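> Dumping the structure here so I can ask a few things about it.
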C-alpha cells in the first residue's frame, strides 16, 4: 500500500494543505469530512476548482484524495488543496508536468495580505485629512 500513496503540499494565502493520493474510487475527504460537508454552501462553485488538476490529467476516478488543511479562509484553503493535488499528481507521474504547468496548477500564488502599519487604522486606511 505504501507504493500507491503520493504526497503534495499546497499553499495559498495563509492556508496550507497536506494532500495524500491513494489508489481508490475518487472520494475527496477534507479534515475527516466529505467534501460536501466541508465546503457547505461553496460546494457548487469550489468543487470544480478542487477537481481541476484531476480533470486535466484524466485521473478523476483513480485516486482517493485525503486532505488535511488549515489556516486562512475557505477560498484560500480550496486554492491550497488544488495546489497540493497538482503536486501529488506530479509525484505520481512526471508525464503530467506539461499539462499541470500549462493549466497553472503548479505555480504557487504569491499574493499575501499586507501587514498593518503602525500609526494607521489598518493596512492602508489613514486618518481623515482636513485642510482647515
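Values in this text are rule-based calculations from the coordinates and carry no lab data. All figures in this text were calculated on a predicted structure; none of them were measured in a lab. Heads up, the Cβs are rebuilt from the backbone with ideal geometry, glycines too, and the neighbour counts pull from every protein chain shown.
> Output the antiparallel fraction of DSSP beta bridges having both residues in the stretch 2-103, as a percent to the nearest 5. Provide the component values of the computation, followed by the final result.
Values: 18 of 21 bridges.
In the stretch 2-103, DSSP labels about 85 percent of beta bridges as antiparallel.
> Taking only Cα atoms and a 10 Å spring cutoff, compute GNM fluctuations for the chain and point out the largest among 68, 13, 117.
The residue that fluctuates most here is 117.
> Using helices alone, what [θ] at 222 nm do you get for the chain, with -39,500 (n - 2.57) per DSSP H run of 4 or more residues, divided over all residues and rounded to the nearest 500? Walk me through the numbers before you get to the answer.
Working: 4 runs with 45 residues, N = 132.
The helix contribution divided over the chain gives -10500 deg cm²/dmol.
> Answer rounded, prolate or oblate for the stretch 34-107, using the Cα gyration tensor with square roots of eigenvalues a ≥ b ≥ c: rounded when a/c is under 1.5, else prolate when a/b is larger than b/c, else oblate.
On the way: a/c = 1.89, a/b = 1.66, b/c = 1.14.
Cα axes put the stretch 34-107 in the prolate bin.
> Still on this structure, please answer the following. Taking the number of other C-beta atoms within 10 Å as the exposure measure, put 112, 91 in order starting with the fewest.
Numbers: 112 9, 91 14.
By the 10 Å Cβ count, ascending: 112, 91.
> How high is the relative contact order of the chain? Use alpha-carbon pairs under 8 Å, at least six apart in sequence, and give a whole percent.
Details: 236 pairs, mean separation 43.6, N = 132.
Taking the mean separation of contacting Cα pairs over the length of the chain, I get 33 percent.
> Running a GNM on the chain with Cα contacts under 10 Å, which residue among 40, 70, 84 ends up with the highest mean-square fluctuation?
Judging by the Gaussian network model, the answer is 40.
> Let me ask something else about it. Who wins for biggest fluctuation among 115, 11, 82 in a Gaussian network model of the chain, springs between alpha carbons below 10 Å?
Residue with maximal mean-square fluctuation among 115, 11, 82: 115.
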